[in-house]
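Heads up, the thing below is written out as structure tokens.
The values are calculated or read from the model by the stated rules, or taken from the named source; none is laboratory data. Quick caveat: nothing in here was measured; it's all calculated off a predicted structure. Quick reminder, even Gly has a Cβ in these numbers, built from the backbone with ideal geometry, and neighbours come from all protein chains shown. Keep in mind that these areas ignore ligands, DNA and RNA; they rest on the heavy atoms of the full protein, side chains included. Shrake-Rupley method; radii C 1.70, N 1.55, O 1.52, S 1.80 Å.
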Amino acid sequence: MEPAEPPAASQAHTLAERAADDWSSLMARAQDGDRRAYAALLKGVVPYVRALARRLGCETDEIEDAVQDVLLTVHTVRHTYDPARPFAPWLAAIARHRVIDRQRRRFRRLSRETPFLAEHETISADPSNSHEDASERRRLNAAIAALPANQRQAIEMLKLREVSLKAAAAMSGRSETALKVSTHRAIKRLRTLLSGT
Amino acid sequence: MPATDELIAKLSDGLLPVRRLHPPAVRAAVWVLLATAVVVLLAAGRGLRGDIAAMLGEPSYLVQIAAAYLTGIAATVAAFEVSLPHHARAWSLLPAPFLALWLSGFVFGCLGHWIAIPFGAPVVADSVSCLATILAATVPLALVLWIMLRRSSPLRPTRTALLGSLGVAGFADTAHLLIHQVEASSLVLAINIVPVLVILAVGALLGRRGLATAGIT
């Protein structure tokens with residue numbers, strides 16, 4: 001006699017089966033044009049596709065792109081799904097194919113590219129590499145200097161030093177809203193000053 | 001809203017109902033019936049080969065024509081199966097035994113009955129007529145099959161195109177064997193086998209590109 005399945009494993013198995021059944025019926029409804037069923041299906045499969053992409057060796061910063069790629073493919077080929085058959089293998093085949101395809105393209109691209117290193121620069125100092133950049137920077141500095149004090153303070157803290165809004169509010173003693181308004185006005189003013197209109 | 005959620009919202013908001021594909025076996029059966037009708041029409045239009053009565057008693061001829069026809073059927077079924085995402089790649093092997101039999105018919109037929117072509121024999125005229133038959137069968141069948149396979153948006157366009165081309169080549173050679181008296185010379189071997197290879201190459205290249213744009217690769 002076979003040993004009885006532990007209750008937790010049996011429950012997990014039942015849940016997985018139920019999810020697969022749900023996906024199958026959601027896809028069948030989506031094929032008939034049910035938008036809510038389709039949104040529910042796509043949201044439901046995202047974690048599964050994400051896990052698969054990770055397992056197939058997708059870099060962390062590429063996983064979301066791979067997931068979106070798979071969703072677009074599912075959308076394009078949704079008419080090929082036969083509701084009489086299980087949904088998971090259909091999805092897995094598409095996901096695997098798309099992720100591997102992405103990986104292949106990425107490796108091909110990387111094999112053609114050479115990393116840009118410090119020795120590739122003629123002169124490594126930043127300003128020496130671009131006279132245009134230096135002149136732009138001078139114009140920007142002059143425009144910032146011409147801003148009213150409140151606006152200058154906001155732009156320097158939030159945009160140039162990239163201090164968080166909360167920290168900038170604490171450091172300046174001004175409210176977060178006041179800082180946001182000053183930043184907005186400063187950007188508008190800078191745009192006018194720099195475009196010369 | 002994160003980009004993935006945004007994409008889901010866009011895809012589901014613009015969702016339109018779709019017509020589901022019929023099972024691959026049904027779609028393959030439709031094409032096989034059509035292809036058989038084309039072969040019968042061609043044979044009726046151009047007339048069966050002069051020695052057909054004698055050839056029907058020749059086992060090697062029967063094996064070769066059956067192998068060509070069965071290769072056509074098996075390759076077509078395999079093309080429709082592999083065009084779908086979740087179907088096993090092993091379907092690609094379905095035509096292999098019939099293909100082996102068909103190709104061995106070309107080679108052994110040629111080696112066993114090697115004859116010199118008599119001077120002045122109407123080889124060129126025959127060749128042109130053979131090619132005309134093969135083209136008349138190939139062009140409409142390939143076009144219909146390509147349209148039908150495009151509906152699957154194949155994930156494996158090259159494999160699908162290659163199997164589809166093999167299906168077309170099998171039916172084209174069936175028509176050829178029914179209509180033309182094939183002499184076993186190297187030239188005739190070339191007339192038999194080269195069009196098959198050309199159909200496969202063109203089908204794989206053009207078909208792959210067309211199927212890939214229909215699909216997602």
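Quick notes on this structure:
- Pick from segment A:54-68, criterion assigned to a helix (DSSP H, G or I) and buried (at least 20 other Cβ atoms within 10 Å of the Cβ), ranking: farthest from the other protein chains (Cβ to nearest Cβ): A:ALA66
- Annotation note: Cβ proximity below 7 Å between a residue of segment A:35-47 that is free of Cβ contacts under 8 Å to residues at least 24 places away in the same chain and in a helix (DSSP H, G or I) and a residue that is among the small types (Gly, Ala, Ser) and surrounded by 19 or more Cβ atoms within 10 Å (Cβ to Cβ) (sequence gap 6+ or interchain) occurs for A:ARG35/B:SER12; A:ALA37/A:ALA30; A:TYR38/A:ALA30; A:TYR38/B:SER12; A:ALA39/B:SER12; A:LEU41/A:ALA30.
- Looking across A:ASP22, A:ASP34, one residue alone is over 18 Å from B:LEU84 (Cβ atoms), more than 10 Å from chain B (Cβ to nearest Cβ) and over 27 Å from the mean Cα position of the chain (by Cα). It is A:ASP22.
- Among the residues of segment A:80-99, those that are open to solvent by 10 Å² or more (accessible area, probe 1.4 Å), out of contact with any Phe, Trp or Tyr (no Cβ under 9 Å at 6 or more places or on another chain) and within 8 Å of chain B (Cβ to nearest Cβ) comprise A:PRO83, A:ARG85, A:PRO89, A:ALA93, A:HIS97, A:ARG98.
- Residue check, A:VAL77 within 23 Å of B:GLU81 (Cβ to Cβ) and within 9 Å of chain B (Cβ to nearest Cβ): yes
- Given (1) of a type in the set (Asp, Glu); (2) within 30 Å of A:PRO47 (Cβ to Cβ); (3) open to solvent by less than 60 Å² (accessible area, probe 1.4 Å), number of the condition B:ASP5 does not satisfy: (3)
- Some residue of segment B:162-175 being within 14 Å of chain A (Cβ to nearest Cβ) and at pLDDT 85 or above: no
- Helices (runs of 4 or more DSSP H) contained in segment B:1-112 and holding at least 2 residues within 14 Å of another protein chain (Cβ to nearest Cβ) and either within 30 Å of A:ARG50 (Cβ to Cβ) or touching a strand residue (DSSP E or B) at 6+ places or on another chain (Cβ under 8 Å) (or both): B:3-13, B:59-82
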